[in-house]
Structure formats: C-alpha cells, structure tokens
Amino acid sequence: MTITTPDLFNVHDRVVLITGGYGVLGGSMARALAAAGARVAILGRRADAANALVAALEDAGGRALALVGDVVDRDSMLAARDALFAAWGGIDVLVNAAGGNVARARTDNVLPFGMPMDAFDEVLRLNLHGTVLPSLVFGEPMATQQRGSIINISSMASTQALSGVMGYSAAKAAVENFTKWLAVDLAKKCGDGIRVNAISPGFFIADQNRAVLVNADGTWTPRATAVLAKTPMGRFGKHEELHGVLRFLASDASSFVTGTVIPVDGGFSAFTGV
C-alpha cells in the first residue's frame with residue numbers, strides 16, 4: 001500500500017496580492033511565491049517599479065500582475081481590487097508589505113520633544129493605516145467567500161524600545177494589535193476559513209535602513225554592532241529566510257493558525273542582552 005500525504009504548503013494557482021511588492025522584502029516575497037506557482041499581484045504607487053518586477057517574474061516563468069495604488073487611499077484600493085478581480089477573478093492571500101520609517105520622524109541623536117507631529121502622523125499612516133485599509137478592502141471579499149489569508153508585517157520595534165524610532169514603534173505595535181483583533185473578529189463572524197497573522201522580521205539590511213547599519217566603507221555602524229550583539233545567531237537575516245514562514249501562512253499548512261505574530265529574528269526577541 002502506498003501512503004500519500006497532501007502538500008500542505010502548496011500555493012499553486014493561488015491569487016496573492018503584495019502591497020509594497022517591489023520593495024526589497026516585498027519583492028523577495030513576490031519572487032518566492034511566484035516560483036512556487038502562485039499568481040502574484042504587485043501593488044504600489046510606482047507603475048514603473050511594479051511593471052519591472054512583473055516583467056522579471058514573467059521572464060522567470062511566473063504569473064504576475066502590476067497594480068498601481070496608494071495603501072492609504074480607499075478609492076485607490078477599491079480600484080486596485082476591481083482590477084485584480086477583472087484579471088484573476090478573486091483573491092486568496094493579502095500580504096501587507098508596504099511600510100517603513102520616515103526620516104523626519106527619527107530621533108536618533110536628539111531628544112524626541114521637537115519631532116514634528118506631521119512626521120509622526122506620516123509614519124503612522126504609512127505603517128498602520130497602510131495595513132488596516134488594504135485589509136478591510138481586500139478582506140471584504142474574503143469574508144464573502146469565507147476563505148483567505150491576510151499576512152501583516154510587524155517589527156522588533158513593536159515590543160522592544162529601539163532608539164530613534166518612536167513613531168515607527170507605535171505604528172508596528174498597533175499593527176500587531178490589529179492583527180489579533182481582526183483575526184478574532186473574522187473567525188467569529190465569518191468562520192474558520194479566514195486567517196490573519198503577522199510576520200515580525202528581525203534585522204535585515206534593506207534600502208531604507210542601509211545607511212544606519214552600514215558605513216560608506218562597508219563596515220558596520222555602531223547601531224549594527226549593537227544589533228548583532230543582541231542577536232544570538234550573530235548576523236543579519238537573509239531575505240530568503242522569510243520565505244518559509246510566508247509560505248506557511250499563505251498555505252493550508254497554517255489552517256488552524258490565526259492571530260499570531262511569528263518572529264524571524266535569529267533569536268533577537270528572546271535575548272535580553274545579558
């Protein structure tokens with residue numbers, strides 16, 4: 001007798017929308033899911049960047065779609081949803097990868113009292129509103145079909161005080177709370193087919209943080225040295241090391257997982273530094 005087991009991590013033919021999908025981490029996620037057979041829609045404000053990534057994914061044999069939209073504008077998100085449904089007929093997975101810090105909101109070497117409140121509002125809108133609004137717009141058809149997975153992106157800053165990033169920290173803490181709230185609400189009202197979870201990356205070098213981690217000569221900055229000292233694995237993450245958790249949450253392998261925040265951090269969140 002031959003015993004077979006289903007491929008619980010199968011995402012073939014699933015429709016995945018990734019906001020901020022042409023960023024360093026979002027683009028890496030898009031490549032991983034497209035390579036696994038998913039249909040991947042790349043959403044962002046820059047049509048040229050979205051189209052360039054779509055062309056690269058298609059050249060590699062994947063199926064991809066470029067969508068132009070602003071994650072903090074409801075009309076823009078509704079138009080993107082209409083375009084996605086017109087092209088592929090629905091959505092299975094939403095990855096909220098749009099986000100990041102705002103330079104004017106940083107307070108690395110100064111007291112926080114002079115931080116412009118409009119800068120605080122900007123970083124809050126980008127990270128919190130930019131997660132909540134797409135979740136509401138694209139989560140609505142998931143509720144109707146009683147099936148889908150929403151994957152948010154949190155941060156080590158959500159639960160620990162990281163110097164210089166007050167607004168970003170507050171926004172990501174709220175993203176984690178929203179993840180749990182929406183997971184509970186949708187499960188209770190729409191059944192067990194809709195799941196909402198978050199990935200909390202540790203420290204990965206990307207375009208937005210490169211200047212604060214890497215000196216012009218390629219050596220580590222003092223901040224990078226401090227991060228590595230608190231990371232038991234002693235190194236920064238590689239972008240592909242997010243792919244396993246991403247595919248887990250996008251697939252049926254996580255069918256009984258909702259309301260969780262999964263760290264991928266080399267042990268950073270577990271270590272006190274002592």
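Values quoted throughout were computed directly from the atomic coordinates according to the rules given, and no laboratory measurement underlies them. Because the structure is predicted, anything quoted here is derived from the model rather than measured. A quick note on method: Cβ atoms are made from the backbone with ideal geometry, for glycine too, and the neighbour counts reach across all protein chains shown.
What is the gain in length, in nm to one decimal, between residue 125 and residue 7 on full extension, counting 0.36 nm per residue of separation less the C-alpha to C-alpha distance? Each step should come with its number before you reach the end.
On the way: separation 118, 0.36 × 118 = 42.48 nm, distance 3.83 nm.
Extra length available between residue 125 and residue 7 comes to 38.6 nm.
Using the alpha-carbon atoms, what tilt in degrees (0 to 90, nearest 10) does helix 24-35 show relative to the longest principal axis of the chain?
Long axis of 24-35 versus the principal axis of the chain: about 20 degrees.
Out of every Cα-Cα pair in the stretch 83-222, what percent are more than 27 Å apart?
Details: 3082 of 9730 pairs.
Every Cα pair in the stretch 83-222 considered, those over 27 Å come to 32 percent.
Rounded to a whole number, what is D in µm²/s for the stretch 1-128 from Stokes-Einstein with the Kirkwood radius over alpha-carbon pairs (20 °C, 1.002 mPa s)? Let's see the in-between values first.
Values: Rh = 16.2 Å.
Taking Rh from Cα pairs, D becomes 132 µm²/s.
At R0 = 25 Å, how high is the FRET efficiency between residue 217 and residue 110 if r is their beta carbon distance? Nearest 0.05 is fine. Before the final figure, lay out each step's value.
Details: r = 26 Å, r/R0 = 1.03.
So, using R0 = 25 Å, E works out to roughly 0.45.
Helix-only estimate, please: 222 nm mean residue ellipticity of the chain, summing -39500 (n - 2.57) across DSSP H runs of length 4 or more and dividing by its residues, to the nearest 500.
Calculated mean residue ellipticity at 222 nm is -12500 deg cm²/dmol.
Taking every DSSP beta bridge that has both residues in the chain, what percent is antiparallel when rounded to the nearest 5?
Working: 1 of 31 bridges.
Taking every DSSP beta bridge with both residues in the chain, the antiparallel ones total about 5 percent.
Name the most mobile residue of 89, 244, 167, meaning the one with the largest mean-square fluctuation, in a Gaussian network model of the chain with Cα contacts below 10 Å.
Answer for the Gaussian network model of the chain: 89.
So how do 26-36, 214-224 stack up, highest first, on mean other-Cβ count within 10 Å? Kindly include the intermediate steps, with their values, before the conclusion.
Numbers: 26-36: 22.5, 214-224: 11.5.
Top of the packing list down: 26-36, 214-224.
Count the lysine pairs in the chain whose Cα atoms lie under 20 Å apart, taking only pairs 8 or more positions apart in sequence or on different chains. If you can, show how the numbers build up before the last one.
On the way: 172/180; 180/188; 180/189; 230/238.
Close lysine pairs found across the chain: 4.
Label residue 177 and residue 51 with points 7 Å out from Cα along Cα→Cβ: what is the distance between them in nm?
4.2 nm
Starting from the exponent 0.38 and prefactor 2.2 Å, build the expected Rg for the chain from its residue count and divide its actual Cα Rg by it. Please list the in-between numbers first.
Working: Rg = 18.7 Å, N = 274, 2.2 N^0.38 = 18.6 Å.
Output field value: 1.01.
Which part of the stretch 69-91 falls in the paramagnetic zone of residue 208, meaning amide N under 17 Å from the point 7 Å along Cα-to-beta-carbon?
69-73
Step through the residues of the stretch 78-83 one at a time and calculate ³J(HN,Hα) from phi using the Karplus curve (6.51 cos²θ - 1.76 cosθ + 1.60, θ = phi - 60°), rounding each to whole Hz and writing x for Gly and Pro.
5, 5, 5, 5, 4, 5
Between residue 87 and residue 35, what is the FRET efficiency for a Förster distance of 22 Å, r being their Cβ-Cβ separation, to the nearest 0.05? Walk me through the intermediate numbers first.
Working: r = 20 Å, r/R0 = 0.92.
Taking R0 as 22 Å, the efficiency between residue 87 and residue 35 is 0.65.
Per 0.36 nm of contour for each residue apart, how much would the distance between residue 238 and residue 136 grow if the chain were fully extended, relative to their Cα-Cα spacing?
Taking residue 238 through residue 136 to full extension adds about 33.6 nm, to one decimal.
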